[in-house]
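Asker: Okay, handing you the structure first.
The values are calculated or read from the model by the stated rules, or taken from the named source; none is laboratory data. Values in this document were obtained by computation on a predicted structure and should not be read as measured data. As a convention, Cβ positions derive from the backbone with ideal geometry for all residues, glycine included, and neighbour counts pool all protein chains shown. For accessibility, only protein heavy atoms count, side chains too; no ligands or nucleic acids. Shrake-Rupley method; radii C 1.70, N 1.55, O 1.52, S 1.80 Å.
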Amino acid sequence: MHLGFLRPCDLASHEMHLGFLRPCDLNGGCLLVRFPPPLPPGRIINPLTRMPDDDAIASPSSEALHPSRRRVLLRAQPPFYNTAPYHSSSSSMSPIGILGVTVSSCAVAYSVIRSSFWIGRKLRRFSRRSQHNGGGNADSTDDPPWSVSRHTKNSLNTRLEMSKLVKTFVLADEKRVGIEVHVTNAGAAVTKLLWRDADGVVEDVVLGHDNPLMYLDNACNAPYFGVVVGRVANRIANGEFTLDGKQYKLVKNDNGRNHLHGGKRGFDRQVWSVVGTPTSNKVKLRHTSKDGEEGYPGNVEVTVEYALAEGELAVTFEAFEASQPTPINLASHSYFNLNGHTLAAAAHVAGDARNGMLETVLNHAVSVSADSYTPVDEHLIPTGEVASVSSTPFDLRHLTKLAERIPHSIDGYDHNFVLDVEASRQGKLSHAATVKANKRRIDLFTTAPGVQLYTGNFLDANHTMGKRGVKYPRHGGLCLETQNFPNAVNESSFPNAILKPGEKYVHRMLYKFSNEL
């Protein structure tokens with residue numbers, strides 16, 4: 001890791017080598033640790049507790065490369081590490097070596113201090129909301145304890161306060177061993193989906209971060225890994241809509257042109273509260289969205305429940321107690337890659353940068369139960385037309401390998417497909433999509449009228465670091481976001497997107513996981 005200006009996601013996802021340094025350890029700005037006391041194989045030290053961390057991975061190649069030094073991966077508890085160097089009792093160090101240690105240690109301390117100031121500035125921006133027509137200022141004196149606006153003067157206190165509130169829940173399938181889902185209340189995100197295939201191989205098949213706090217960071221989780229997005233998922237043209245004769249202007253967080261996934265501080269950037277007592281296979285989370293939040297009118301309560309049973313994950317979204325009419329469209333933004341992380345993580349630990357990238361999903365076969373789709377303009381806003389998929393690259397009614405379409409007939413998918421709208425009006429589950437790869441199969445059912453197929457077109461291995469140091473390349477994951485149609489609030493021919501006082505919004509998803517021999 002290069003010294004200097006660090007982001008919290010750098011500290012969360014990259015290797016950081018600290019310790020007792022010599023001038024020769026400085027190689028291109030990268031610090032290699034030198035710990036005289038040997039560590040047990042495969043163990044690392046948690047920098048906060050100073051105790052071995054069994055969940056992390058030590059580099060097996062560092063011993064062979066540097067027998068006198070050991071490299072340690074410091075796990076993500078960004079950005080405040082114990083950076084004090086190890087003090088050896090050896091008296092053989094030269095004055096030049098002592099000078100090198102002093103300079104190097106100061107550089108590390110300076111780097112961490114600068115990162116702290118960066119986080120302070122970032123969190124101040126994170127808490128800042130604009131005045132909006134019909135909304136007013138979203139900041140208030142009765143912000144909940146996790147609200148960043150309560151802690152802008154001290155970024156350390158903010159991180160510590162938020163880390164106390166962020167929790168992770170492990171859902172296990174009691175009747176069918178082989179599926180395990182990890183959920184955090186940070187953005188109500190699915191952080192892991194561990195899946196054992198027919199050969200007994202366990203893989204984590206969703207993209208994300210090792211540290212739950214990273215799901216709350218705009219820079220680190222710009223791709224919206226695993227989170228629940230809202231108040232309105234997908235795009236709203238020009239960041240505005242008219243409701244009951246009144247125009248509302250929303251935050252334009254999509255290249256300054258459109259509103260995307262609820263804005264800069266949408267539901268994905270909130271710490272949700274826990275409803276009731278979670279069980280071994282079920283957890284329910286709740287968020288209160290205030291009047292004026294990102295420009296939306298009225299207060300509204302939202303919940304999401306994750307329930308795992310018999311090889312199926314049921315996700316239920318609800319919105320209710322709206323104080324005035326408001327748009328609602330909740331969606332899950334999980335990225336799937338049935339190739340898993342194991343091979344790429346092993347390559348990363350071995351120092352193979354090229355093979356430390358996740359394999360793309362172009363080897364996945366996908367089908368979507370849609371006879372039509374909603375064409376978009378150059379800014380990915382629906383034109384208002386509903387077009388047939390026949391004789392187009394959007395005809396995915398039968399299982400089709402993505403490599404057969406990308407990049408030959410289409411550069412990538414980021415489009416809404418029209419499902420069984422009548423079944424959606426009646427609140428009935430209907431088949432939305434199927435994904436197959438590596439002897440694993442997902443069948444997705446929903447009550448929503450549409451599903452957005454997104455093939456990770458904006459992922460970039462140079463900027464997108466994921467779990468266990470793995471890089472996520474373009475097309476490194478695919479999303480199946482069941483939803484209302486994008487920009488439905490501005491298209492009268494699209495399904496209703498307005499929740500009125502006294503009404504209840506319900507959106508269900510059902511994932512069925514199966515192994516194939």
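Asker: What number of residues in the stretch 265-284 are more than 18 Å from the chain's Cα centre (by Cα) and either basic (Lys, Arg) or in a loop (DSSP other than H, G, I, E, B) (or both)?
Answerer: So the count comes out to 9.
Asker: Then there's this: Are any of the residues in the stretch 353-361 assigned to a strand (DSSP E or B) and modelled with pLDDT under 95?
Answerer: Yes - at least one qualifying residue is present in the stretch 353-361.
Asker: I would also like to ask the following. Among the numbered conditions (1) under 23 Å from LYS439 (Cβ atoms); (2) open to solvent by 20 Å² or more (accessible area, probe 1.4 Å); (3) assigned to a loop (DSSP other than H, G, I, E, B), tell me where GLU378 comes up short.
Answerer: Going through the list (1) under 23 Å from LYS439 (Cβ atoms); (2) open to solvent by 20 Å² or more (accessible area, probe 1.4 Å); (3) assigned to a loop (DSSP other than H, G, I, E, B), GLU378 breaks only (1).
Here is a yes/no grid of residues against (1) assigned to a loop (DSSP other than H, G, I, E, B); (2) open to solvent by less than 60 Å² (accessible area, probe 1.4 Å); (3) modelled with pLDDT of 95 or more; (4) closer than 23 Å to GLY456 by Cα:
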residue: LYS252; (1), (2), (3), (4): yes, no, yes, yes
residue: HIS259; (1), (2), (3), (4): no, yes, yes, yes
residue: GLY263; (1), (2), (3), (4): yes, yes, yes, yes
residue: ARG286; (1), (2), (3), (4): no, no, yes, no
residue: VAL302; (1), (2), (3), (4): no, yes, yes, no
residue: ALA307; (1), (2), (3), (4): no, yes, yes, no
residue: LEU313; (1), (2), (3), (4): no, yes, yes, yes
residue: PHE317; (1), (2), (3), (4): no, yes, yes, no
residue: SER323; (1), (2), (3), (4): yes, no, yes, no
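Asker: Of all residues in the stretch 407-443, count the ones that are surrounded by fewer than 20 Cβ atoms within 10 Å (Cβ to Cβ) and aliphatic (A, V, I, L, M).
Answerer: Looking only at that region, the number is 4.
Asker: Let me ask you something else. What is the residue count in the stretch 413-436 for residues that are out of contact with any helix residue (DSSP H, G or I) (no Cβ under 9 Å at 6 or more places or on another chain), within 27 Å of GLU516 (Cβ to Cβ) and part of a strand (DSSP E or B)?
Answerer: Number satisfying all stated conditions: 6.
Asker: Then there is this: If you take the residues in the stretch 444-464 that are assigned to a strand (DSSP E or B) and open to solvent by less than 30 Å² (accessible area, probe 1.4 Å), which one is nearest to LEU207 (Cα to Cα)?
Answerer: Only one residue fits best here, namely TYR454.
Asker: Take PHE241 and decide whether it is assigned to a strand (DSSP E or B) and at negative phi.
Answerer: Considered against the rule, which asks whether it is assigned to a strand (DSSP E or B) and at negative phi, PHE241 comes out as yes.
Asker: Go through (1) surrounded by fewer than 23 Cβ atoms within 10 Å (Cβ to Cβ); (2) among the basic types (Lys, Arg); (3) under 26 Å from GLY311 (Cα atoms); (4) modelled with pLDDT of 95 or more one by one and return the number of the condition LYS500 breaks.
Answerer: Exception for LYS500: condition (3).
Asker: Right, another one. Six or more apart or on different chains, Cβ under 6 Å: which pairs go from a residue in the stretch 159-181 that's closer than 17 Å to VAL201 by Cα and of a type in the set (Lys, Arg) to one that's open to solvent by 70 Å² or more (accessible area, probe 1.4 Å) and at pLDDT 70 or above? Could you list them?
Answerer: Note: pairs meeting the criteria are ARG176/GLU310.
Asker: Select from the stretch 267-303 the residues that are closer than 14 Å to HIS182 by Cα and of a type in the set (Val, Ile, Thr) and list them in ascending order.
Answerer: THR279, VAL283
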